[in-house]
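Some notes on the structure that comes next.
Readers should treat all values here as calculations from the given coordinates under stated rules, not as data from a laboratory. Keep in mind it's a predicted model, so treat the numbers as computed, not measured. FYI the Cβ positions are ideal-geometry reconstructions off the backbone, even for glycines, and counts take in every protein chain you see.
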Amino acid sequence: MNPESVKTVADILRSANRICVLTGAGVSAESGIPTFRASDGLWENHAIEDVASPQGWQRNPQLVWDFYHARRAKAGSVLPNPGHAVLAQLEQRFGDRFTLVTQNVDGLHQRAGNRNVIELHGSLYQTRCTECGLVRDRGLEALDPMPHCACGGVERPNIVWFGEMLPPANWSRATKAANSCDVFLIVGTSAVVYPAASLIQTAKMQKRPARIIEFNLTETDATPYVDAGLYGPSGESLPALIHELQWD
Ligand code: BV8
Ligand code: ZN
């Protein structure tokens with residue numbers, strides 16, 4: 001990561017008024033959580049459509065639950081990394097002028113101290129009843145292999161699968177934040193999953209376009225929209241930025 005770009009990015013942050021952040025699996029990679037796409041379409045040895053789609057759930061709900069039980073246990077056993085910590089520091093500093101939107105379902109932003117986290121794709125720690133719709137926070141409590149609701153309905157992971165709508169309330173909060181920020185940070189996402197990735201264009205298309213900063217190992221589909229980028233592990237680039245700003 002070259003020192004020049006750290007200075008450029010620091011200058012942008014110094015003048016920021018309202019910040020919106022979009023994170024993806026890459027921000028949790030250094031905590032030991034495998035990213036989504038690195039596994040060439042397979043995900044922890046499963047085809048995505050078998051474990052993260054309504055069709056997969058219809059076909060074999062137990063396979064889907066086994067996959068999500070394992071991911072919840074894994075996510076619950078790792079720690080936030082220094083990149084998560086910096087995003088919590090930024091919320092401390094900017095208060096309600098800071099909005100964190102995540103595609104991640106691992107809860108590590110909350111564990112790092114972020115309060116106002118918009119989870120676009122749900123959470124590994126919640127279940128949702130397929131009969132009455134009740135959403136329950138289960139944390140890391142032991143769950144039946146196939147959990148059931150008090151109403152008798154089968155509970156599913158409260159996760160947004162491919163082909164499913166994002167929770168409308170969260171989506172409108174996220175688009176509002178992207179539409180009212182002057183700095184937009186993209187951290188650890190390949191920016192291929194929609195509609196989450198469209199938040200980047202939303203921030204850019206404002207009357208006064210937001211300045212877009214990318215934190216990734218490599219360039220991505222978002223890079224054409226980016227004003228400045230720090231290319232390296234976000235667990236190192238985010239702390240380097242905070243150090244340059246002397247906000248640490
Ligand atoms: C919807 C929950 C319709 C599961 C997830 C064709 C073209 C365009 C769109 C589509 C299409 N065909 C279908 C679609 C729509 C589809 C979609 O976008 N598909 C993509 C794959 C093409 N979207 C949907 O289906 C969405 N719903 O459209 O509904 C609709 C509309 C109205 C009414 C009814 C229906 C739902 C999408 C949500 C799917 N669920 N997750 C779970 O997590 O268990 S998405 C899944 O991908 C994960 O949530 C993940 O977070 C997300 C995005 O991936 P990334 O987070 O970016 O992770 P990835 O591995 O890709 O990248 C990691 C990045 O980190 C890399 O860039 C890497 O370089 C970087 N990195 C790695 N290490 C580090 C790092 N960076 C910094 N530091 C490091 N150390
Ligand atoms: Zn129920």
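Structural remarks
- For the range 93-234, the relative contact order is 16 percent, taking Cα pairs closer than 8 Å that sit 6 or more residues apart in sequence and dividing their mean separation by the residue count.
- Taking the helices alone, the chain has a mean residue ellipticity at 222 nm of -10500 deg cm²/dmol, built from -39,500 (n - 2.57) per DSSP H run of at least 4 residues and averaged over all its residues.
- If you run the Gaussian network model on the chain, springs between alpha carbon atoms under 10 Å, then out of ARG138, ARG115, ARG211 the most flexible one is ARG138.
- Normalised contact order of the chain, rounded percent, pairs of Cα under 8 Å and 6 or more residues apart: 26 percent
- Here the spin labels are modelled as points 7 Å beyond Cα on the Cα-Cβ line, and at TYR194 and ARG97 they lie 3.4 nm apart.
- In degrees, nearest ten, helix 82-94 long axis to first principal axis of the chain (Cα): 70 degrees
- Gyration tensor analysis over the Cα atoms of the chain returns equivalent ellipsoid semi-axes of 33, 18, 17 Å (largest first, whole Å).
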